[in-house]
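**Student:** Take this structure first; my questions come after.
Bear in mind these aren't lab numbers, they're just calculated from the coordinates by the rules spelled out. What you see is a predicted model, and the numbers here were worked out from it, not measured in a lab.
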Amino acid sequence: MMSADGWTIPRVMARRRADPRLQALVSDDHSITWAELDDATRELAGRMVRAGLGKGDRVGLLAPNGIDWATVALAVMRVGAVLVPLSTLLRPPELLVQLRVASVSHLIAARGYRGRSYLDDLDSLAPALTRRIASGERDPAVPALRRVWAWGELPEEPFLQLLSDSLDTAVAQRVLRTAIEWGRYGEVYEYDFHTGRIHLPAGEDETDSGPG
């Protein structure tokens, strides 16, 4: 019996995926099994980490409800980030206020929904906001906001390259894969060059079987 502390999202998915027929999410026209959800959220979480997202970051999610929304939300939580759901009904001034009050550092937004373009909405209130954020600037209207991504367009950037600067490519890939499997991206890992093992926080080590 797993303790309450052991019920992390990656571990729950790893156990549920054992039955390939078990449905995780069902919508009007689509469904997804636990195995498919596990694979999709793991891959997406890896892309988020490579793009610089980490434990404790506040991630605003502005998109219509559905399986895709749930997949992104679970990927955010696998990273250890804080999910900030944002209503698609928010008017532009309300959206800006919520981003500021919730100290959202990363925003993932649908390009458009029901005739609205959310990124254009932001730019209408703070001229060229999305472009300036993309270039590394901050805006006093939303001082915590560091990154804005359009839905489905997460870049793959620094994390793996940072690993590759210190480790050979195969080992760097294994460290990243272990981080994804354990859902512990934001914490410090130690790589033992003598034994080739990855040491996780709290005395937990990588094992051949992955998370328990």
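**Student:** Based solely on C-alpha atoms, express the radius of gyration and the Dmax of region 1-65 in angstrom.
**Tutor:** For region 1-65, the Cα radius of gyration and maximum Cα-Cα distance read 14.0, 37 Å.
**Student:** Now for a different question. Could you work out Rg/(2.2 N^0.38 Å) for region 8-150, with Rg from alpha carbons only?
**Tutor:** 1.11
**Student:** Further, regarding this structure: Have a look at the DSSP beta bridges in region 8-156 and tell me what percent are antiparallel, nearest 5.
**Tutor:** 30
**Student:** Report, by chain and number, residues whose modeled amide H sits under 5 Å from the one on Trp151, excluding near sequence neighbours (fewer than 5 apart, same chain).
**Tutor:** Answer set, sorted by chain and number: Ala109, Ala110, Arg111.
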